[in-house]
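Report on the following structure.
The values are calculated or read from the model by the stated rules, or taken from the named source; none is laboratory data. Note that the coordinates shown come from a computational prediction; the quantities given were computed from them, not determined experimentally. A quick note on method: Cβ atoms are made from the backbone with ideal geometry, for glycine too, and the neighbour counts reach across all protein chains shown.
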Amino acid sequence: MSTKIKTINPYTGKEIKSYNQFSKSTIETYLKRSETVFNTWSEEAISHRTKLLKNLSKNLIKHKQHYAALMTEEMGKPISQSLAEIDKCVFLSDFYAKNADQFLADELIETDAKESFISYDPLGCILAVMPWNYPFWQVLRFAIPTLTAGNTALLKHASNVTGCALAIQDLFLDSGFPEGCFQSLIINHEQVENLIADPRIKAVSLTGSEKAGKHISKISGNNLKKAVLELGGNNACIVLKDADLDKHIATMVNARMQNTGQSCIAAKRFIVEESVYDEFLEKFKAKVVSLQVGNPVKEFTEVSVLAREDLVEILQKQVNDSVKKGANILIGNKTEKAFFAPTILTDVKPGMPVFDEETFGPVAAIIKVKDAEEAYKTATNSRFGLGTMVFTRDKSKAKKQILKIQDGAFFINELVKSDPRLPFGGTKASGYGRELSKEGIHEFVNKKTVYINS
């Protein structure tokens, strides 16, 4: 008797659908199919692959409402943000349709040879282990460049968004990609480990927690497989005394509360100079209180439930443990089933969970510092290295801090966000490797040296 995987609507608490977990023989069928199609897909002209990307963009637009509704149903994302996620996927697809030929072209290198160049060859079947918080975006930002480079892909999506995983598989098929080019697997973590050890899997991409990253890194390392790890973060949002609060306060709040705070690159620690602290706190609180909280299917909803009820328990423990260590609750910390009210904590210090750890939900930790020097020093006091943002009128002075901020991203007067045109990834406990841009499409290729003498 097969194990069942159920998807649950976190807002209603009702079961959506039940799926059979794949057997060993079914996984083998998928692996063989992936290996077989790679032999022909890898030899397709890049122009053919990019043509299919254009079809994919059209299908994303055509089924936008359906995909957005599916995301909202499975993980509780406010519908307006689900629609925006599909729009971003269209942008991603169009970007690689336009630029992949250039990114993958042979790079001529002048040497003593008559001809020498770098050939960017696909590796084979790539395994992706993806999270639930951006069910389409996280998968497609891996899959689109990986497939366009000539690889095939197997996806192990988070079980609570299994419907999205299968919809993405159908999206590729309906867009003309050959059967087996992209396949979604309904499997558990033990089956993932066995897959990584299989010689037909050439590399692994994981977006997930620090704990998951360490585990996958160990297994892939033992099997000499390349891995790209996009892990957690506790990004700092530095607010200097000359910040234009009226202009940027909405951006700062969005940096923490978008996707109901369930984002690795969300601003989790707000580090504020003391001379502007009171004004910042007043305006930040007012904006948070004004957020529309409620049913995720309503178009005006800005904050809704977390994706699962157990996530509420984890987040509340982090908040409560921080309060025991001296933090104060300005607003929030009210829960009901999968709902966690937007929360602001003040008097936050290093050593508290909301300072040291990743908090995955609508909780903003506020830290007061005496000056800009202490602000930057406090921002770098983290084992994570995903991104930092700073708000200031003196952009030239902020730019001088670029080398000191050793994260994967440094944003001035804007929230940290991913963009298909720019590389995305972290340092330290936030992982390694890059997604998106030219760097992303080169992660899963063999950069082969070709040397031709006279």
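Computed quantities for the displayed model
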| quantity | calculated |
| --- | --- |
| Some residue of the range 239-260 being out of contact with any helix residue (DSSP H, G or I) (no Cβ under 8 Å at 6 or more places or on another chain), of a type in the set (A, V, I, L, M, F, W, C) and free of Cβ contacts under 8 Å to residues at least 12 places away in the same chain | no |
| Count of the range 428-454 residues which are buried (at least 17 other Cβ atoms within 10 Å of the Cβ) and touching a Leu at 6+ places or on another chain (Cβ under 8 Å) | 10 |
| Members of the range 392-424 that are more than 19 Å from Glu85 (Cα to Cα) and surrounded by 16 or more Cβ atoms within 10 Å (Cβ to Cβ) | Thr392, Ala398, Gln401, Ile405, Asp407, Gly408, Ala409, Phe410, Phe411, Ile412, Asn413 |
| Residue match in the range 406-419 (condition: among the charged types (D, E, K, R) and not in a loop (DSSP other than H, G, I, E, B)) | no |
| Filter result (in contact with a Lys or Arg (Cβ under 9 Å, 6 or more places away or on another chain) and small (Gly, Ala, Ser)) within the range 264-302 | Ala266, Ala267, Ser275 |
| Candidates Ala84, Ala97, filtered to the one that is surrounded by 14 or more Cβ atoms within 10 Å (Cβ to Cβ), of a type in the set (Gly, Ala, Ser), without any contact (Cβ under 8 Å) to a residue 24 or more places away in the chain and over 19 Å from Ala158 (Cα atoms) | Ala84 |
| Residue within the range 285-306 that is basic (Lys, Arg) and either in contact with a Leu (Cβ under 9 Å, 6 or more places away or on another chain) or not assigned by TED's automatic domain parsing to the domain that holds Gly261 (or both) present | yes |
| Selection count where residues are surrounded by fewer than 15 Cβ atoms within 10 Å (Cβ to Cβ), assigned to a helix (DSSP H, G or I) and either small (Gly, Ala, Ser) or outside the structural domain of Leu104 (by TED's automatic domain parsing) (or both), scope the range 41-68 | 1 |
| Residue within the range 81-93 that is part of a helix (DSSP H, G or I) and among the acidic types (Asp, Glu) present | yes |
| Residues of the range 287-345 that turn out to be assigned to a loop (DSSP other than H, G, I, E, B) and of a type in the set (Ser, Thr, Tyr), as a count | 3 |
| Residue that is nearest to His63 (Cα to Cα) [pool: residues in the range 164-209 that are assigned to a strand (DSSP E or B) and touching a residue at least 60 places away in the same chain (Cβ under 8 Å)] | Gln183 |
| Where a residue in the range 437-454 is at negative phi and its partner, wherever it lies, is modelled with pLDDT under 95 and of a type in the set (D, E, K, R), with Cβ under 9 Å and at least six apart | none |
| Selection from the range 210-233 of residues that are assigned to a loop (DSSP other than H, G, I, E, B) and surrounded by fewer than 24 Cβ atoms within 10 Å (Cβ to Cβ) | Asn223, Leu224, Lys225 |
| Residue within the range 100-116 that is of a type in the set (D, E, K, R), part of a helix (DSSP H, G or I) and surrounded by fewer than 19 Cβ atoms within 10 Å (Cβ to Cβ) present | yes |
| Leading residue by the ranking (nearest to the chain's Cα centre (by Cα)) among those in the range 130-161 that are surrounded by fewer than 23 Cβ atoms within 10 Å (Cβ to Cβ) and assigned to a helix (DSSP H, G or I) | Trp137 |
| Given (1) under 24 Å from the mean Cα position of the chain (by Cα); (2) free of Cβ contacts under 8 Å to residues at least 60 places away in the same chain; (3) farther than 24 Å from Pro353 by Cβ, index of the condition Lys283 fails | (1) |
| Only one of Lys226, Lys218, Lys211 that is among the charged types (D, E, K, R) and either at pLDDT below 95 or within 18 Å of the chain's Cα centre (by Cα) (or both) | Lys211 |
